[in-house]
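The next block holds one structure in the form of structure tokens; read it before the comments.
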Amino acid sequence: MKISKPRGTRDFLPLENHKRRYIENRLRDCALRWGYQEIKTPTFEHIELFTVKSGEGILGEIYNFKDKGDREIALRPELTAPVMRMYVNELTSVPKPVKLYYFDNCFRYERPQKGRFREFWQFGVELIGSQRPEADSEIIALACQMLKEAGVDGDLHIGHLGIIRSLFEGQDSEVSSQIMRLVDKKDDKGLDEYLDKINADIEMRDKLVKLINLTGSSAVDEVRTLIGDLPQLSDFRTLLELMDIYGLEYTVDFGIARGLDYYTGMVFEIYSSGLGAQNQVCGGGSYGLAHLFGGQKIASTGFAIGFDRIMEVCTIEPPVQERAVVVYSEQTYKEAIRIATDLKKHMIVDMDVMGRSFGAQLKYANAIGARCAVIIGEDEAALGKVSLKDMDSGKQVLVDKNDLQNHIATYILK
RNA sequence: GCCCGGGUGGGGUAGGGGUUAUCCUAUAGGACUGUGGAUCCUUCGACUCGGGUUCGAUUCCCGACCCGGGCCCCA
């Protein structure tokens, strides 16, 4: 009986996996150079971690089960909550800021479609301990840099929740959450209907509609005339100035919203074309979560990159990996192993394990796209040499086995 | 959970109520046990599953599953 893989999961064959790993390493490398350190959290957590963060509403999309000790366990649907849980448990007394990155798989029970799977990978970065624009701008700049190094083009949109939230001070939090959700969806009609339904204050309503449609460089000034001199506004202005210093293009977009309360200030999203309905490749912002997990209140800012989505649009190909095949006969097997073992210190080396003839070994070398064949037959063995064959040109030279690696590097790989 | 489209060897396909189910490619072996790419031969290998209609279903109908696209959701 043939067993298929579960819905929404994928197998990665060598070619694709190699590319994924290559891009992953570029992202890691970038995060490390910016001073972020990798952490790892468990694949499963107590389910409360996620319901506390995101509400009971997420239960429908979580992979969860009871373990044998009757504990309610969830496969992580995201990584920010586990990282902050870890911070509260282990890292509260290390020097601030705490700068962390992670790359891991997450699980959500959703209908699969383009760019959306039930097991998917997130690359994320969190900066814990600062609520200053310097922190926010560094995080956005790092996100952009990482996408750039992965060969992904994106449109950066930056907004600020503190500013939009100031409009509904004194409102029921249920009401403001609902408004935020509709704003986030860009559902203007739904928003109108909802504002009608709750009989929203005309002035607030007018300001809200204007605010979420503000874009461009003059937006900050327009906000000031619209709702006055908020303290968050000067931070936001500083943030935008810093973005200019980083040399990044962006669109100010007060229409970016989040339906959850723990987002506090700056929010940003990066979109990429060619992905269909799931065009967001990165999302982030500043937030306060530690206190929800039993820690002290502390400001954080971070983002997560949808790794599977950037793989769909990334333009970078990993460098070709050159291979050599060591070809031998029955009598020279031992010597061939010695030579291959030595050569493996420098490049990818294959040797026949199928009991194939000389010709068939070369055929195999050709089939796997080997760059050269190192032939060690009885004639060569008698001379203490090997034949080195360039598989592209077909030319073959006799070289001393001690010069083999050198010769390959100089004349074949160049 | 909802809507639309689709499922034929490992990959790509032709076909169609009764066929030995087409072709290409890939794999393994051989022609060819000291030299690859070409050619030829052999081998392996498929109608997603379950019901229904029918004398007979891979083909028609329904459902499930899976894939793709969209909705919902997006922490």
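Selection of the range A:379-414 for residues being open to solvent by 90 Å² or more (accessible area, probe 1.4 Å) and either more than 10 Å from RNA strand B (Cβ to nearest atom) or basic (Lys, Arg) (or both) yields A:Lys395, A:Asn402, A:Asn406, A:Tyr411, A:Lys414.
Can you confirm whether the range A:256-273 contains a residue that is open to solvent by 30 Å² or more (accessible area, probe 1.4 Å), out of contact with any helix residue (DSSP H, G or I) (no Cβ under 8 Å at 6 or more places or on another chain), in contact (Cβ under 8 Å) with a residue 12 or more places away in the chain and not in a strand (DSSP E or B)? No, the conditions are met nowhere in the range A:256-273.
Looking for something free of Cβ contacts under 8 Å to residues at least 60 places away in the same chain and either farther than 30 Å from A:Arg20 by Cβ or open to solvent by less than 30 Å² (accessible area, probe 1.4 Å) (or both) - is there at least one such residue anywhere in the range A:135-156?
Here is the first cut: in the range A:135-156, the residues free of Cβ contacts under 8 Å to residues at least 60 places away in the same chain are A:148.
From what is left, the residues that are either farther than 30 Å from A:Arg20 by Cβ or open to solvent by less than 30 Å² (accessible area, probe 1.4 Å) (or both) are none.
The answer is no; no qualifying residue exists.
Tell me which residues, restricted to the range A:274-306, are open to solvent by 40 Å² or more (accessible area, probe 1.4 Å), away from RNA strand B (no atom under 11 Å from the Cβ) and free of Cβ contacts under 8 Å to residues at least 60 places away in the same chain. If the condition is that a residue be open to solvent by 40 Å² or more (accessible area, probe 1.4 Å), away from RNA strand B (no atom under 11 Å from the Cβ) and free of Cβ contacts under 8 Å to residues at least 60 places away in the same chain, then A:His291, A:Lys297 are the ones that fit.
So that you can scan it fast, the table gives a plain yes or no per residue for (1) modelled with pLDDT of 95 or more; (2) touching a helix residue (DSSP H, G or I) at 6+ places or on another chain (Cβ under 9 Å); (3) assigned by TED's automatic domain parsing to the domain that holds A:Ile140:
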{"site": "A:Thr43", "(1), (2), (3)": "yes, no, yes"}
{"site": "A:Ile58", "(1), (2), (3)": "no, yes, yes"}
{"site": "A:Ala74", "(1), (2), (3)": "yes, yes, yes"}
{"site": "A:Leu79", "(1), (2), (3)": "yes, no, yes"}
{"site": "A:Phe103", "(1), (2), (3)": "yes, yes, yes"}
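Is it true that some residue in the range A:29-44 is over 15 Å from the mean Cα position of the chain (by Cα), touching a residue at least 60 places away in the same chain (Cβ under 8 Å) and near RNA strand B (Cβ under 10 Å from one of its atoms)? The answer is no; no qualifying residue exists. Every condition in (1) surrounded by fewer than 18 Cβ atoms within 10 Å (Cβ to Cβ); (2) within 11 Å of RNA strand B (Cβ to nearest atom); (3) not in a helix (DSSP H, G or I) holds for A:Gln321 except the one numbered (2). Among what's in the range A:56-90 and is hydrophobic (A, V, I, L, M, F, W, C), out of contact with any Phe, Trp or Tyr (no Cβ under 7 Å at 6 or more places or on another chain) and free of Cβ contacts under 8 Å to residues at least 24 places away in the same chain, pick the residue that is nearest to RNA strand B (Cβ to nearest atom). It comes out as A:Leu59. Scanning the range A:108-139 for residues that are more than 16 Å from RNA strand B (Cβ to nearest atom) and over 20 Å from A:Leu91 (Cα atoms) turns up A:Arg132, A:Pro133, A:Glu134, A:Asp136, A:Ser137, A:Glu138. Note on the range A:361-376: among residues that are small (Gly, Ala, Ser) and surrounded by 14 or more Cβ atoms within 10 Å (Cβ to Cβ), the one that is farthest from A:Glu24 (Cα to Cα) is A:Ala373. Looking only at the range A:92-102, decide whether some residue is among the aromatic types (Phe, Trp, Tyr) and either open to solvent by 30 Å² or more (accessible area, probe 1.4 Å) or in a helix (DSSP H, G or I) (or both). No, because not a single residue in the range A:92-102 is among the aromatic types (Phe, Trp, Tyr) and either open to solvent by 30 Å² or more (accessible area, probe 1.4 Å) or in a helix (DSSP H, G or I) (or both). Among the residues of the range A:332-360 satisfying the criterion of being part of a helix (DSSP H, G or I) and near RNA strand B (Cβ under 8 Å from one of its atoms), which is surrounded by the fewest Cβ atoms within 10 Å (Cβ to Cβ)? Checked the range A:332-360; the qualifying residue surrounded by the fewest Cβ atoms within 10 Å (Cβ to Cβ) is A:Gly359.
The values are calculated or read from the model by the stated rules, or taken from the named source; none is laboratory data. Computed from a predicted structure; not experimentally measured. No Cβ is skipped: glycine too gets one built from the backbone with ideal geometry, and neighbour counts run over all protein chains shown. To get the accessible areas, we keep the full protein, side chains included, count just its heavy atoms, and leave off ligands, DNA and RNA. Shrake-Rupley method; radii C 1.70, N 1.55, O 1.52, S 1.80 Å.
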